[in-house]
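Heads up: the structure comes next, in structure tokens.
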Amino acid sequence: MKRRNRRLTRRDPPGTRPSTVATLPVTLQVPALRLSTLAAPHYGAEVDLFTRSWAALRAAVDDLSDEDFGRPSGCTGWLVRDLVCHLIVDAQDVLITLATPSDREPTRDALTYWDISATPPTGDDPLDALTVRLAAAYEDPHLLKFHLDDVGSAAGRAALLADPAGRVGTRDEVLTVGDFLATYVLEWTLHHLDLIAHLPDAQQPPAEGLARSREMLEGIAGSPFPTSWHDVDALLVGTGRRAPTGAEQAELGDAASRVPLYLG
């Protein structure tokens with residue numbers, strides 16, 4: 001989902017060959033200053049939600065069978081194994097960003113951080129295609145699990161150690177640590193839904209993460225979703241992961257023109 005300059009590295013489990021490091025150049029053009037008018041939530045709560053959402057997503061990956069890695073995910077063009085590989089990159093991004101302090105004033109927050117695309121993802125993006133090739137190179141699903149646990153645990157610890165009021169730089173923008181971690185509550189929650197899209201018996205994301213993610217998506221959209229909708233439906237329809245039913249389309253009313261939101 002996220003697009004930024006990323007470094008892909010891995011620590012090798014015992015008995016495997018040393019890995020290489022790939023650098024993925026991504027060029028982005030974003031406005032110099034974009035801050036929402038909504039009051040920032042309590043930073044400590046965002047760190048807590050980040051921790052619980054990330055732990056639940058990693059546990060869901062750990063519960064996958066080898067066969068599950070070959071199933072489709074909720075991300076266009078990606079199998080489950082490709083999504084898990086992307087989560088490793090996301091964890092590395094958390095580590096890199098938390099180790100990139102800034103003394104500049106914030107230029108974005110948890111809502112204005114996202115770039116909104118007018119078109120849905122196709123899976124043809126070069127970075128998406130590279131993720132597929134990297135995931136295939138692992139061959140053994142247990143190596144993907146190992147790497148995610150290795151880097152993901154470190155990302156979780158780094159978030160707990162970071163000062164929520166501190167400032168960090170990413171994508172040529174500056175956010176508070178609290179706002180940066182809040183973006184990942186939304187990222188983790190959506191990708192948790194993507195992971196289990198074709199695994200009906202899998203555990204859902206934490207309820208509090210779903211609620212907070214819905215709140216942020218409504219803030220980005222500029223209007224709430226119908227109160228009758230479950231948080232999962234609001235997130236899936238709101239981000240274009242599934243089309244609304246006829247009844248849902250009618251319930252959206254004027255808000256139908258604002259969704260879906262393709263976040264990048």
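Please treat every number below as a calculation from the coordinates, not as lab data. Model, not experiment: these values are computed from the prediction. Positions of Cβ are generated from backbone atoms using ideal geometry, with glycine treated the same way; all protein chains shown enter the neighbour counts.
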Next on the checklist: Net charge within 13 Å of Asp63 by Cβ-Cβ distance, Lys/Arg positive one each and Asp/Glu negative one each, not counting Asp63 itself?
Outcome noted: -4
Next on the checklist: With the crude spin-label approximation of a point 7 Å out along Cα→Cβ, what separation in nm comes out for His230 versus Ala256?
Outcome noted: 2.3 nm
Checklist outcome for this item: Everything considered on the Cα gyration tensor (a ≥ b ≥ c; rounded for a/c under 1.5, else prolate if a/b is larger than b/c, else oblate), region 219-264 must be described as rounded
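Net charge near Phe225: determine it from the other residues with C-beta under 12 Å of the C-beta of Phe225, scoring Lys and Arg +1 and Asp and Glu -1. Display every interim value, and only then the final one.
Details: positive: Arg214, Arg258; negative: Glu215, Glu218, Asp231, Asp233, Glu248, Glu251.
Local charge sum for Phe225: -4.
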Checklist outcome for this item: Label model pair Thr100, Ala243: point-to-point distance (7 angstrom along the Cα→beta-carbon line) in nm is 3.9 nm
Item to check | Residue exposure sequence - Phe146, Phe50 - by fewest surrounding Cβ within 10 Å | outcome: Phe146, Phe50
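Taking only C-alpha pairs under 8 Å that are 6+ residues apart, what is the relative contact order of region 41-207 in percent? It would help to have the intermediate numbers written out before the result.
On the way: 210 pairs, mean separation 71.0, N = 167.
Once normalised by length, the contact order is 43 percent.
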